[in-house]
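The values are calculated or read from the model by the stated rules, or taken from the named source; none is laboratory data. Quantities reported herein were computed from a predicted structural model and do not represent experimental measurements. Virtual Cβ from ideal backbone geometry, glycine too; neighbours counted across all protein chains shown.
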Protein chains: 2
Amino acid sequence: MSETHQVKGNRLDPWLDSYAARAHGLRASETRSLFAVAARPEVVSLAGGMPNLKDLPLDRLAEATARMIRKDGGRALQYGNGQGLPRLREQIPEIMALEGIAADPEDVIVTTGSQQAVDIITELFIDPGDVILAEAPTYVGSLSIFATYQADVQQVPIDADGIIPEALEERIIRLEKAGRPIKFYYCLPNFHNPAGVTLSEERRPQIIEICRRHHILIVEDNPYGLLGFDGQTYTALKTLAPEDVVYLGSFSKIFAPGYRVGWAVAPSAVREKMKLASEAAILCPSSVGQYSISMYLDGFDWKQQIEEFRGMYRGRRDAMVSALEEFMPMCTWNVPDGGFYVWVGLPEGLDAKDMLPRAVTNLVAYVSGTAFYPGGVAGQDHMRLSFCYPEPVEIREGVRRLSEVVSQDLELVSLFGPTRSLPSGGVVAPAPDQI
Amino acid sequence: MSETHQVKGNRLDPWLDSYAARAHGLRASETRSLFAVAARPEVVSLAGGMPNLKDLPLDRLAEATARMIRKDGGRALQYGNGQGLPRLREQIPEIMALEGIAADPEDVIVTTGSQQAVDIITELFIDPGDVILAEAPTYVGSLSIFATYQADVQQVPIDADGIIPEALEERIIRLEKAGRPIKFYYCLPNFHNPAGVTLSEERRPQIIEICRRHHILIVEDNPYGLLGFDGQTYTALKTLAPEDVVYLGSFSKIFAPGYRVGWAVAPSAVREKMKLASEAAILCPSSVGQYSISMYLDGFDWKQQIEEFRGMYRGRRDAMVSALEEFMPMCTWNVPDGGFYVWVGLPEGLDAKDMLPRAVTNLVAYVSGTAFYPGGVAGQDHMRLSFCYPEPVEIREGVRRLSEVVSQDLELVSLFGPTRSLPSGGVVAPAPDQI
């Protein structure tokens, strides 16, 4: 057969010349290879955002799932409705009601995790070069979607009370003056990933007011909202401005991520387009997954389970903060009141990305702050430490090991000065352990 | 709060001005509302491509699933590997081996149905305006993905032996002369949806040769390949040219679609980019779904189950062909030797899209041929009739009812002449019942 195709592409990838513009920057995180090492049992991983499922009642889940398949298997194994199982769309508003949000089942669309909802929203609104506003830092998984659609992500500073309203409006005005199309503001108001902070109640109406004034849609990503350690919840932006907000929820942190079931609640015209886009992409979400979750919500005390999750994660947060106090006085950190993450500031001159291989060698892993900025242009001075998955005793040992690495790097810096790596740009897919 | 946003968008959709170019044409199929009616039990639906699951052993599946959750629940309920569960990636090549395809587990990527694989491939290769070659007609679900990425779908004529090689090369040369970038050839070589034909063994190396000569990637979509009614299989394009073909497989038709699990096997450089794109879009495929399917492949006689499916679908094909012979002598059709579909040609002057409301009123549904051409620019003279889901006696009754409508329309045409509707253009999301 003809060999003329050898002149195109290259030896490693004959299709190199064929990719779309959006695919050229797509590459693995530079730290991905490290995570293969970090997955070894002797390494304490403070990197992953995996929920801790050890307290789920597997035996009862097994029995209930078997009953569900016997009873509903003919439908659960079949294609389903593109918008999601009607019964599950009725149940989802009961979950949102715990945070005081009123949602109509008609406006709920079930997605393959809330990740797919971010993907669809971005697909619907972003032409290459369009602006997405986000917090600095922001969720790595959404950044990789935004990069896929060639968005210009404009990150606005946050403090202990979340995004700074004045900074948000100033940025908007500057972008408007430059004629830039701002498509939406992507925010994580509760127990922020990675920063651990929560947008204050006082600022919420201010943010809404700013976005309304400039006609900017808000995408409110809220996977952790029910995991406040004192049972506290916050007024959702969706509650304050139902017609201006696309709300994203997920079963991954309040039940289990393995079903890949999340949801969005959107103004009806946007929801209708989301449904069509989702049908184009995947036809329908998993029927088995939806029937399983619906069964769980009907047959289990899921509110009590969330209560138990809260207590478990609070204990892990406490273990991490104690260990930081004991071993890492040279660093700064916040004390989150919910969620999975502590955002740790390194001493002047240290570089979280450079340090990571040494940390893994010392049997502890984290995510460099650079993962939470597009192209890794900032964040070298921070690490995200997750306390969700390891046991408290492992958390303490992990922080102790990390403190050794920080101390060694501090010594190196005092001898040779700072050695910061340069940002590399491009689209970085999140490593599985960075979620 | 400010009301300035009222000046943008419109009353029905305040965000109308914000959508990306790709979203503007996104709209529901005009026949979607009909399908709500067509779903009523008194209507015989010859429209949907839903597999018939009545013979799956639900009791045994229920028990095995319960055992799986007890044993592997901690992992099955958790996030997983972005490329797919390693065990399942080892099992998938065993399925492909039944068609004589050799696949390396390392080159398998598990997706949310093969629909997501088409989505990722299109995302990776298509800039707006790029050309995708396809058969005329082609699968409606892929057309809606191609439209989302603003591809120019160039459809090449087929005959009883599949795509016509000379027509394919002629089209390629014409497009090359016009300087148009051709990114891939999307094909359904076996038991075509909707046309029911199979690419002949003789033509397969010819197609490969043409695509190689012009350096065009082949996307081989093969959901029905194991459903040949005489147990026959055909040489995969992937077998003939492993480095030039992205192969797509699915559990939806050989087991059950409700898990939403499909797969792709791609040349390694392409596979690596597909994995990154999939992780960006959904993080990872459903762990529960993958563990369930892996358990099914390990614990059930899935080859025997496929054998039973073949027999069942053959019986339904026979029922449909007999009914067509009995009731529809005014139409033309092929006799498919596998898969789910018969492609029925209407008498001169009749319009399948126009006729559909009258058919539904007469309690029978089908998919108009227009669904299988981008923008509905052709296909008015054909209907896709599915024989997969209804019982043989229902198939016969459905064809009988349809023949009444065809006869009435023929009378109208003989009195008033043809009344063809105009194509409407834009991106049409497939109705759930058109899959």
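Sort through B:MET312, B:MET320, B:MET328 and tell me the only one that's away from chain A (no Cβ under 14 Å) and surrounded by 22 or more Cβ atoms within 10 Å (Cβ to Cβ).
Working: B:MET312 fails: surrounded by 22 or more Cβ atoms within 10 Å (Cβ to Cβ); B:MET328 fails: surrounded by 22 or more Cβ atoms within 10 Å (Cβ to Cβ).
None of the other options fit; the residue is B:MET320.
Within the stretch B:48-63, can you find the residues that are within 17 Å of B:ARG260 (Cβ to Cβ) and not in a loop (DSSP other than H, G, I, E, B)?
The first filter runs over the stretch B:48-63 and keeps only residues within 17 Å of B:ARG260 (Cβ to Cβ), leaving B:48-51, B:53, B:56, B:61.
The one that is within 17 Å of B:ARG260 (Cβ to Cβ) and not in a loop (DSSP other than H, G, I, E, B): B:LEU61.
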*Scan the stretch B:352-362 and give yes if some residue there is of a type in the set (Lys, Arg) and either surrounded by fewer than 19 Cβ atoms within 10 Å (Cβ to Cβ) or outside the structural domain of B:ARG40 (by the TED database) (or both), otherwise no.*
yes
*asked:* Just the residues that are of a type outside the set (A, V, I, L, M) and either touching a helix residue (DSSP H, G or I) at 6+ places or on another chain (Cβ under 6 Å) or surrounded by 18 or more Cβ atoms within 10 Å (Cβ to Cβ) (or both), please, taken from the stretch B:287-309.
replied: B:SER287, B:GLY289, B:GLN290, B:TYR291, B:SER292, B:SER294, B:TYR296, B:GLY299, B:TRP302, B:PHE309
*Leading residue by the ranking (farthest from the other protein chains (Cβ to nearest Cβ)) among those in the stretch B:239-252 that are more than 18 Å from B:GLU90 (Cβ to Cβ) and crowded, with 24+ Cβ neighbours inside 10 Å*: B:LEU248
*What is the one condition in (1) touching a Lys or Arg at 6+ places or on another chain (Cβ under 6 Å); (2) more than 14 Å from every other protein chain (Cβ to nearest Cβ); (3) under 15 Å from B:PHE340 (Cα atoms); (4) surrounded by 21 or more Cβ atoms within 10 Å (Cβ to Cβ) that B:PHE229 does not satisfy?*
(4)
*Test: residue in the stretch B:331-346 that is part of a helix (DSSP H, G or I), closer than 30 Å to B:ARG89 by Cβ and not assigned by the TED database to the domain that holds B:SER144*: no
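Inspect all residues belonging to the stretch B:138-146 and state whether any of them is farther than 21 Å from B:VAL197 by Cα and facing chain A (nearest Cβ under 9 Å).
Start the filter on the stretch B:138-146 by keeping residues that are farther than 21 Å from B:VAL197 by Cα, which leaves B:144-146.
Pick out the ones that are also facing chain A (nearest Cβ under 9 Å) and you get B:144-145.
Checked against the condition, which is being farther than 21 Å from B:VAL197 by Cα and facing chain A (nearest Cβ under 9 Å), the stretch B:138-146 yields at least one hit.
Rundown of residues vs (1) more than 29 Å from B:ILE293 (Cβ to Cβ); (2) of a type in the set (Val, Ile, Thr), yes/no style:
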residue: B:ALA103; (1), (2): no, no
residue: B:VAL156; (1), (2): yes, yes
residue: B:ALA160; (1), (2): yes, no
residue: B:ALA167; (1), (2): yes, no
*Hey, among A:LEU26, A:LEU12, A:LEU34, A:LEU46, which residue is more than 9 Å from every other protein chain (Cβ to nearest Cβ) and modelled with pLDDT under 85?*
A:LEU34
_Residue list for the stretch B:64-85, filter: part of a helix (DSSP H, G or I), touching a residue at least 40 places away in the same chain (Cβ under 8 Å) and within 7 Å of chain A (Cβ to nearest Cβ)_ = B:THR65, B:ALA76
*Could you count how many residues in the stretch B:153-170 are among the β-branched types (Val, Ile, Thr) and touching a residue at least 40 places away in the same chain (Cβ under 8 Å)?*
2
_Looking at the structure I just gave you, is B:ASP59 surrounded by fewer than 14 Cβ atoms within 10 Å (Cβ to Cβ), among the charged types (D, E, K, R) and at the interface with chain A (Cβ under 7 Å from one of its Cβ atoms)?_
yes
*Can you confirm whether the stretch B:369-377 contains a residue that is part of a loop (DSSP other than H, G, I, E, B), surrounded by fewer than 24 Cβ atoms within 10 Å (Cβ to Cβ) and of a type in the set (Gly, Ala, Ser)?*
no
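Just the residues that are touching a strand residue (DSSP E or B) at 6+ places or on another chain (Cβ under 8 Å) and outside any helix (DSSP H, G or I), please, taken from the stretch B:209-224.
Taking the stretch B:209-224 and keeping what is touching a strand residue (DSSP E or B) at 6+ places or on another chain (Cβ under 8 Å), we get B:211, B:214, B:216-224.
Matches in the stretch B:209-224: B:HIS214, B:ILE216, B:LEU217, B:ILE218, B:VAL219, B:GLU220, B:ASP221, B:ASN222, B:PRO223, B:TYR224.
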*In the stretch A:123-137, which residue that is more than 20 Å from B:ILE282 (Cα to Cα) and over 19 Å from the mean Cα position of the chain (by Cα) is nearest to the other protein chains (Cβ to nearest Cβ)?*
A:ASP127
*Name every residue in the stretch B:254-286 that is crowded, with 24+ Cβ neighbours inside 10 Å, among the small types (Gly, Ala, Ser) and either under 15 Å from B:GLN91 (Cβ atoms) or more than 7 Å from chain A (Cβ to nearest Cβ) (or both), in order of residue number.*
B:GLY262, B:ALA264, B:ALA266, B:SER278
*Out of all the residues in the stretch B:277-294, is one or more modelled with pLDDT of 95 or more and in a strand (DSSP E or B)?*
no
